[in-house]
Amino acid sequence: MPLQAEPIEIEYKRWRSKRQSYVVVVLEVHHKQSLKGYVSTVIVRGSQRDSKKRVSWPAATFLRAFEPLGRKLKIPTRYDRLRKD
């Protein structure tokens, strides 16, 4: 897996495959840090044959193979969290 200087951020929840046009949902993004850089892995729900299967992708490969669907995820601010209570 290639190393990046910074961890890769995934800003969308739903993604469509560019070749087979199936839709996956991002569940988790893991970052492992070493002395030389970061290795990012994306865990998704969905594959070409099974929509419930959990699959992991290297983040750089995932970004090349999929295109985002819908709106960007909004990260709640402190104010948003206080208003919610």
Rounded to the nearest 500, what is the 222 nm mean residue ellipticity of the chain from helices alone, with -39500 (n - 2.57) per DSSP H run of 4+ residues and division by all residues? -4000 deg cm²/dmol
In the chain, if the dipole is taken from +1 on Lys/Arg beta carbons and -1 on Asp/Glu beta carbons about the Cα centre, which of THR61, GLN20, ILE8 is farthest to the positive end? GLN20
Taking R0 as 30 Å, what FRET efficiency do you get between SER56 and TYR79 from their Cβ-Cβ distance, rounded to the nearest 0.05? 0.30
Provide ILE43, ILE8 in ascending order of the number of other Cβ atoms located within 10 Å of each residue's Cβ, fewest first. ILE43, ILE8
For the chain, size of Cβ-based charge dipole, Lys and Arg +1, Asp and Glu -1, in debye: 340 debye
Using the Karplus equation 6.51 cos²θ - 1.76 cosθ + 1.60 (θ = phi - 60°), what ³J(HN,Hα) coupling, rounded to whole Hz, does each residue of the range 19-36 give in order, writing x for Gly and Pro? 8, 9, 6, 9, 9, 10, 10, 6, 9, 8, 10, 10, 10, 10, 9, 10, 5, 9
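Laboratory data are not the source of any read-out in this text; all were calculated from the coordinates shown. Since we're looking at a predicted model, the values are computed, not measured. All Cβ positions, glycine included, derive from the backbone under ideal geometry; neighbour counts span all protein chains shown.
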